[in-house]
Amino acid sequence: MTSEVTVGTGAGLDTADMVLNIGPQHPSTHGVLRLRLVLDGERVLSAEPIIGYMHRGAEKLFEVRDYRQIIMLANRHDWLSAFCNELGVVLAVERLMGIEVPERAVWLRTALAELNRVLNHLMFLGSYPLEIGAITPVFYAFRERETIQAVLEEASGGRMHYMYNRVGGLKEEVPAGWTGRARTAIDQVRRRMPDLDKLIRNNEIFRARTVGVGVLTAAQAAAFGASGPVARASGLDLDLRRDEPYLAYGELQVPVVTRTAGDCHARFEVLLDQVYVSLDLAQQCLDRVDQLTGPVNVRLPKVVKAPEGHTYAWTENPLGINGYYLVSRGEKTPWRLKLRTASYANVQALSTLLPGTLVPDLIAILGSMFFVVGDIDK
């Protein structure tokens with residue numbers, strides 16, 4: 001005996017819902033994510049993000065590495081924001097140890113953090129249009145990335161995992177003339193950014209795929225703990241650089257880019273406009289670095305031990321708020337280092353955003369949430 005089942009025509013017929021797994025290896029995700037979808041034809045009825053395929057146990061590894069070694073682990077969970085990740089760890093350890101970092105190191109860290117933000121945003125500005133069919137922008141985005149990348153490589157020796165922060169400052173002084181070359185790179189990128197901007201921001205096909213699609217309200221963003229560009233595109237006006245300044249941000253005017261639409265296009269626009277802001281902030285920091293002399297780190301004992309206690313250091317990472325909760329028992333390794341990542345909070349909203357949308361819009365929404373899967377799974 002056979003039975004006939006009509007699956008997913010979506011035309012009002014008596015159809016069976018289809019369960020579709022996107023992933024865990026899917027080219028349109030930044031890492032290995034799995035989405036379990038229930039579809040009626042091409043319409044999404046429910047979506048469940050299933051995480052953990054990249055889980056590397058970073059938080060447990062922190063507990064058996066000393067305070068110099070954990071920096072190496074920290075810059076890998078969001079591999080597009082490596083400098084900012086390591087920065088959060090050293091800020092937490094410095095706070096617990098009561099270390100005051102030399103002023104030149106503070107301003108250099110701020111400049112490098114902003115350049116790292118530009119690198120992160122350019123990756124998404126190139127890859128997001130690519131995910132929904134626009135091939136050209138990625139070439140422009142990578143041209144600008146390479147210009148900034150060369151500057152960070154010259155200072156740190158690394159292109160992706162910089163390992164340039166140390167407890168008490170930076171690994172070493174920047175090369176002679178580096179600030180001038182960094183400023184030249186910033187000027188080049190600022191001058192050429194309109195090429196990418198004009199190509200994509202008001203492109204009618206891109207707008208048709210993104211305007212009004214995947215709307216996340218400010219209340220929803222707050223409820224999910226979303227932060228960074230995703231939350232600010234929904235009108236959630238929160239930026240730790242301005243609201244709880246760290247490093248040299250208290251002495252800088254930090255313009256916070258926001259939108260109110262909360263759709264895919266608003267999220268893309270926030271990212272695009274933040275590149276201009278970060279280039280300006282980095283240039284201001286480099287101008288200040290040139291006026292300062294002195295060391296870029298403090299001498300530490302051979303074995304670094306944080307005193308007993310606990311602290312929480314949070315920073316405005318490129319993708320949102322990144323926090324490290326450090327608990328020390330007075331040993332040379334952390335007793336516990338809890339990691340609060342931006343991507344983990346941002347991706348939770350997918351279960352609310354995706355139901356009711358069509359499958360092609362699903363890819364547009366997924367890409368616009370700007371997450372790195374290593375940052376979710378940590």
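The values are calculated or read from the model by the stated rules, or taken from the named source; none is laboratory data. Here the structure is a predicted model, which is why all the values come from computation and not from measurement. We place every Cβ from the backbone using ideal geometry, glycine too, and count neighbours over all the protein chains shown. These accessible areas exclude ligands, DNA and RNA; they are computed on the full protein's heavy atoms, side chains included. Shrake-Rupley method; radii C 1.70, N 1.55, O 1.52, S 1.80 Å.
Mind listing just one residue for me: the one in segment 273-296 that is touching a helix residue (DSSP H, G or I) at 6+ places or on another chain (Cβ under 6 Å) and farther than 19 Å from PRO245 by Cα and, of those, surrounded by the fewest Cβ atoms within 10 Å (Cβ to Cβ)?
GLY294
Of these, LEU247, LEU196, LEU236, LEU252, which one is closer than 17 Å to ASN346 by Cα and among the aliphatic types (A, V, I, L, M)? Step through it out loud before you land on a result.
Numbers: LEU247 fails: closer than 17 Å to ASN346 by Cα; LEU196 fails: closer than 17 Å to ASN346 by Cα; LEU252 fails: closer than 17 Å to ASN346 by Cα.
Result: LEU236 is the single residue among LEU247, LEU196, LEU236, LEU252 that is closer than 17 Å to ASN346 by Cα and among the aliphatic types (A, V, I, L, M).
For residues that are without any contact (Cβ under 8 Å) to a residue 24 or more places away in the chain and open to solvent by less than 70 Å² (accessible area, probe 1.4 Å), scanning just segment 159-186, find the one that is farthest from the chain's Cα centre (by Cα). Steps first, answer last, please.
Filtering segment 159-186 down to residues without any contact (Cβ under 8 Å) to a residue 24 or more places away in the chain leaves 159, 175-177, 180, 184.
Now restrict to residues that are open to solvent by less than 70 Å² (accessible area, probe 1.4 Å): 175, 177, 180.
Values: PRO175: 28, GLY177: 29, GLY180: 27 Å.
Within segment 159-186, the match that is farthest from the chain's Cα centre (by Cα) is GLY177.
Show the residue pairs that are 6+ apart or on different chains and have beta-carbon atoms under 6 Å apart, the first residue being within segment 223-245 and charged (D, E, K, R), the second being assigned to a helix (DSSP H, G or I).
Close Cβ pairs (under 6 Å, with a partner that is assigned to a helix (DSSP H, G or I)) amount to ARG232/VAL270; ARG241/TYR249.
Quick check on this structure: which one of LYS332, LYS338 is charged (D, E, K, R) and not in a loop (DSSP other than H, G, I, E, B)?
Unique residue meeting the criteria: LYS338.
Being open to solvent by 90 Å² or more (accessible area, probe 1.4 Å) and within 27 Å of the chain's Cα centre (by Cα) is the filter; apply it to segment 326-345 and report the residue that is modelled with the lowest pLDDT. Talk me through it step by step, then tell me what you get.
If we filter segment 326-345 for residues that are open to solvent by 90 Å² or more (accessible area, probe 1.4 Å), which is where we start, we get 329, 331-332, 335, 344.
Still in the list and also within 27 Å of the chain's Cα centre (by Cα): 335, 344.
Working: TRP335: 96, TYR344: 91.
Ranking the qualifying residues of segment 326-345, first place goes to TYR344.
Every residue in segment 200-229 that is open to solvent by less than 60 Å² (accessible area, probe 1.4 Å), in a helix (DSSP H, G or I) and closer than 26 Å to ARG145 by Cα, please.
Correct list: ILE200, PHE206, THR210, GLY228, PRO229.
If you take the residues of segment 79-121 that are under 23 Å from MET369 (Cβ atoms) and open to solvent by 10 Å² or more (accessible area, probe 1.4 Å), which of them is modelled with the lowest pLDDT?
Per the criteria, the residue is TRP79.
Scan segment 59-78 residue by residue and report those that are open to solvent by 10 Å² or more (accessible area, probe 1.4 Å) and either touching a strand residue (DSSP E or B) at 6+ places or on another chain (Cβ under 8 Å) or without any contact (Cβ under 8 Å) to a residue 60 or more places away in the chain (or both). Talk me through it step by step, then tell me what you get.
Just the residues of segment 59-78 that are open to solvent by 10 Å² or more (accessible area, probe 1.4 Å), to begin with: 59-61, 63-66, 68-69, 72-73, 76.
Passing the criteria: GLU59, LYS60, LEU61, GLU63, ARG68, GLN69, LEU73.
If I filter segment 314-323 for residues that are over 18 Å from the mean Cα position of the chain (by Cα) and either farther than 26 Å from MET97 by Cα or open to solvent by 20 Å² or more (accessible area, probe 1.4 Å) (or both), do I get at least one hit? Steps first, please.
Step one: filter segment 314-323 for residues over 18 Å from the mean Cα position of the chain (by Cα), giving none.
Within segment 314-323 (the criterion being over 18 Å from the mean Cα position of the chain (by Cα) and either farther than 26 Å from MET97 by Cα or open to solvent by 20 Å² or more (accessible area, probe 1.4 Å) (or both)), the answer is no, since none of the residues qualifies.
Quick one: would you say VAL303 is more than 18 Å from the chain's Cα centre (by Cα), part of a loop (DSSP other than H, G, I, E, B), more than 30 Å from LEU216 (Cα to Cα) and in contact (Cβ under 8 Å) with a residue 12 or more places away in the chain?
Details: more than 18 Å from the chain's Cα centre (by Cα): yes; part of a loop (DSSP other than H, G, I, E, B): yes; more than 30 Å from LEU216 (Cα to Cα): yes; in contact (Cβ under 8 Å) with a residue 12 or more places away in the chain: yes.
Spelling it out, VAL303 is indeed more than 18 Å from the chain's Cα centre (by Cα), part of a loop (DSSP other than H, G, I, E, B), more than 30 Å from LEU216 (Cα to Cα) and in contact (Cβ under 8 Å) with a residue 12 or more places away in the chain.
Just the residues that are buried (at least 16 other Cβ atoms within 10 Å of the Cβ), hydrophobic (A, V, I, L, M, F, W, C), over 18 Å from the mean Cα position of the chain (by Cα) and within 17 Å of LYS198 (Cα to Cα), please, taken from segment 122-137. Explain how you work it out, then say what you get.
The first filter runs over segment 122-137 and keeps only residues buried (at least 16 other Cβ atoms within 10 Å of the Cβ), leaving 122-132, 134, 137.
If we keep only those that are hydrophobic (A, V, I, L, M, F, W, C) as well, we get 122-125, 130, 132, 134.
Those left that are additionally over 18 Å from the mean Cα position of the chain (by Cα): 130, 132, 134.
Selection gives LEU130, ALA134.
Out of curiosity, is LYS378 touching a Leu at 6+ places or on another chain (Cβ under 6 Å), open to solvent by 10 Å² or more (accessible area, probe 1.4 Å), closer than 18 Å to ARG76 by Cβ and not hydroxyl-bearing (Ser, Thr, Tyr)?
Values: touching a Leu at 6+ places or on another chain (Cβ under 6 Å): yes; open to solvent by 10 Å² or more (accessible area, probe 1.4 Å): yes; closer than 18 Å to ARG76 by Cβ: yes; not hydroxyl-bearing (Ser, Thr, Tyr): yes.
When the stated conditions are applied, LYS378 passes them.
Consider only pairs whose beta carbons are under 6 Å apart and that are at least six residues apart or on different chains; among these, list those whose first residue lies in segment 43-58 and is closer than 30 Å to MET72 by Cα and whose second residue is of a type in the set (D, E, K, R) and open to solvent by less than 40 Å² (accessible area, probe 1.4 Å).
ILE51/ASP377; GLY52/ASP377; MET54/ASP377; HIS55/ASP377; ALA58/LYS378
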